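Working notes for the structure below.
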Amino acid sequence: MKNTTYIGLFSLLFIFLASCDYNRRTTGWEYGRDMAHSAAYESYTPNSNFSDGKTMQPPVEGTIPRGMVPYAFEKTDEDRALAAQTLMNELEPTPQNLERGKRMYGIYCMQCHGEKGDGQGALYVNKKYPYPPASLLSEKMLANPEADIYHVITVGFGVMGEHGSMIKPEDRWKIAMYIKKELQ
């Protein structure tokens, strides 16, 4: 009986020590290898299935991302005038909307156009940007409707780049509203 106990304990000790793995970079046994190692191509790897040899392909021409409404106007003087005449801000000038417009103006517009909208933003004043930004307080801007400001924010104007890809349409209207109601 004593020998069988020693043999049993020795067998358990051997199994225990044999099951220890000194390579901590592996999980040990692998069941369902196809689940652990994907057969899918990674985004930036070569792929012989496509004519250009790339895995990541551009979207199909004319594809519109979910939740995005295409903007009907281009960055031209004619479309700017047309947008100013046809677009309408359906948001009410509530304190919440004006506050959101002020916040978005501070994030996206103030560094160029200045806190007061006078074109004396930090980038221009500190000589980091050589071209003076437009003053939102000029006679021309005072006469322009909110839709004109919305259009310029969306597609840009002159050297100003477009911000339509960065700012949601509702927030663009709130910025335009803030400029017209508070700054001007």
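The values are calculated or read from the model by the stated rules, or taken from the named source; none is laboratory data. Being a predicted model, the structure only gives us computed values, none of them experimental. Glycine gets a Cβ as well: all are built from the backbone with ideal geometry, and neighbour counts include every protein chain shown. When the accessible area is computed, the model is the full protein with side chains, heavy atoms only, and any ligands, DNA or RNA have been set aside. Shrake-Rupley method; radii C 1.70, N 1.55, O 1.52, S 1.80 Å.
Filter region 71-120 down to residues that are open to solvent by less than 50 Å² (accessible area, probe 1.4 Å) and of a type in the set (D, E, K, R) and give me whichever is nearest to GLU139 (Cα to Cα).
Step by step, filter region 71-120, then rank; the result is ARG80.
Please indicate, with yes or no, whether at least one residue in region 35-53 is surrounded by 10 or more Cβ atoms within 10 Å (Cβ to Cβ), part of a loop (DSSP other than H, G, I, E, B), of a type in the set (A, V, I, L, M, F, W, C) and at pLDDT below 95.
Yes, region 35-53 contains at least one residue that is surrounded by 10 or more Cβ atoms within 10 Å (Cβ to Cβ), part of a loop (DSSP other than H, G, I, E, B), of a type in the set (A, V, I, L, M, F, W, C) and at pLDDT below 95.
Working only within region 129-184, note down all residues that are over 15 Å from ARG80 (Cα atoms), touching a residue at least 40 places away in the same chain (Cβ under 8 Å), open to solvent by 60 Å² or more (accessible area, probe 1.4 Å) and charged (D, E, K, R).
Result: GLU170, LYS181, GLU182.
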